[in-house]
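Below: the structure, in structure tokens.
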Amino acid sequence: MVEGKKEEFEPKIVGFLCNWCSYAGADLAGTSRIQYPPNIRIIRVMCSGSVDSVYILRALIDGADGVFVGGCHPGDCHYIDGNYKARRRMVLLKNILQTLGLEPERIWIRWISASEGQKFAETIKEMTETIRKLGPNPISKQWNV
Amino acid sequence: MTYKVLKIKDGDITKSINNMFREILKSGKLKALLIPQEVPSKKMVFHVLISNPEKLNADIIAPVLANSTATIVSYMTKIEPANKPIGVVMRPCQIRALFELVKLNQANLQNIVIIGVDCLGTIPIKSFSNFPEKKTPTHFLVDSFTKKTNEIDKYMRTSCHICKEPVPNNTDITIGLFGVDIEKEIIVEACTDNGKKLLEDLKLETISKEGHAREKAVKQILEEKNKKHTDFIKEKSTIKGIDAITKFFDKCINCHNCMKACPICYCKECLFESTVFDAEAYKFIKKAENKGLFKMPSDTILFHLGRMNHMILSCVECGLCSQACPVDIPLMELFIPVADNAQKEFNYHPGKDPKEKIPMIVYREDEYKEVGEE
């Protein structure tokens, strides 16, 4: 970084994508050469239901500006009800963060199927812009967390 | 609908209650009783599992909660349910915690007879074992309660001060202290058939529940306590934002005592005590380069917020986390407002019904439709 020159804020987003739908959706976006922002760092998980709140908190505390969780559409879960459970867990996590004033809007959950490459690209575009407007995550600036 | 009345002899409430428990033990209807009893030095009161009625010298009113009673019952019944009837004398918060552990498959109520006691509150262990007044803590509490001086309030733990449910529910037997003159008599109510069987041979007077002063007294106490609880939440909801939260946990030494004292945290191997967060030196150095610096040991806030996510829906507001903290962080001041909001979101009342399922393992297809569809 050149001294004195302020770089534009580029949000860092950590994405947890379910193996069966959203990850395949992201793959489709890639193979179809649909452009989407490189701000998302994708982690493949077997099911959105396997994403513990601690993983999301860890990402936010250690420097992510936003966390994205992608799952199959309700009713389409490869493991029958993983995404329904993920949905409840997300409601709880956001409720807690709301009470503590910790910006629940930095956490997104979306249902993206394997055939929705276009939707994946658009969602990531939308999220990147929203987080860009929100600015850097104040938690990651703290050193005594 | 009737109450039984236990007459107090010589104004000594613990002696009269102990006589009743001795008779129950002698009858053989209970093989053992888990009950709070003073240690020989008189500095502390712990639960003991007692089978010999001669050795019973309990103090069920003693205003101290050393450990989570629910955890003790879980410890005794998790591997195999009790094969003989055991009576457990518990405070209301601990009964609620026990039901949460039952839902989490960590305890079994088979052959467990729950004897709930109206809770007059507890004081921290440190104040109890070095009680500055001339009287013993129990006498001081009984005096403060009967004379309505509220003198005990200055010692009482905050969680007890603002407890919204000091009256036990879902018990087999309830020992009632509200609405009676406890220097003369107390109420013993059989709430289930098991409870009735235990009490049937005791020489207790039976009176009608209709129009008894207890009902009114309980209603009044619950109203008062609910107001204190609401005010407390309003007052403490000001801890908001990452700056306030890191400040709140500034003294935390990562000892995890709050987790060990919590009746709900049952995991034998907690995620935060596992090797999950161990990493190679280069990763720590990378993190230092990213942030410039960071506190060691790290992950303090991650532990507290993570633990919160795992247990908050079952939080029974017993305040044992605050009592366990060696550096006096008042954890419940942060946890109770969060618990209140989260439990409202799922319309869940921990410890109310042992047959209910905890919200995180059930779902409805047609709920929260807006989540994920924005």
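The values are calculated or read from the model by the stated rules, or taken from the named source; none is laboratory data. Remember, predicted model here, so these are calculated numbers, not experimental data. All Cβ positions, even for glycine, are placed from backbone atoms using ideal geometry, and neighbour counts span all protein chains on display.
Note on region A:56-84: residues that are part of a helix (DSSP H, G or I), more than 7 Å from every other protein chain (Cβ to nearest Cβ) and within 28 Å of B:Lys291 (Cβ to Cβ) total 3. Being under 22 Å from B:Ile245 (Cα atoms) and within 10 Å of chain A (Cβ to nearest Cβ) is a description that applies to B:Ile312.
Being on the phi > 0 side of the Ramachandran plot and surrounded by fewer than 19 Cβ atoms within 10 Å (Cβ to Cβ) is the requirement here; does B:Asn111 meet it? For B:Asn111, the condition - on the phi > 0 side of the Ramachandran plot and surrounded by fewer than 19 Cβ atoms within 10 Å (Cβ to Cβ) - is met.
If the condition is being of a type in the set (A, V, I, L, M), over 14 Å from the mean Cα position of the chain (by Cα) and surrounded by 17 or more Cβ atoms within 10 Å (Cβ to Cβ), then region B:255-272 contributes only B:Met259. Within the option set A:Ile61, A:Ile42, being among the hydrophobic types (A, V, I, L, M, F, W, C), at pLDDT below 95 and surrounded by fewer than 24 Cβ atoms within 10 Å (Cβ to Cβ) holds for one residue only, A:Ile61. Of the numbered criteria (1) touching a residue at least 60 places away in the same chain (Cβ under 8 Å); (2) facing another protein chain (nearest Cβ under 9 Å); (3) among the charged types (D, E, K, R), the one A:Arg87 fails is (1).
Scanning region B:9-66 for residues that are at positive phi and either crowded, with 19+ Cβ neighbours inside 10 Å or in a helix (DSSP H, G or I) (or both) gives B:Asp10, B:Gly11.
Restricting attention to region B:328-374, the residues that are at the interface with chain A (Cβ under 7 Å from one of its Cβ atoms) and closer than 20 Å to B:Asn309 by Cβ total 11. Looking at region B:93-102, is at least one residue in a helix (DSSP H, G or I) and either touching a Lys or Arg at 6+ places or on another chain (Cβ under 6 Å) or surrounded by fewer than 22 Cβ atoms within 10 Å (Cβ to Cβ) (or both)? Yes, that holds for at least one residue.
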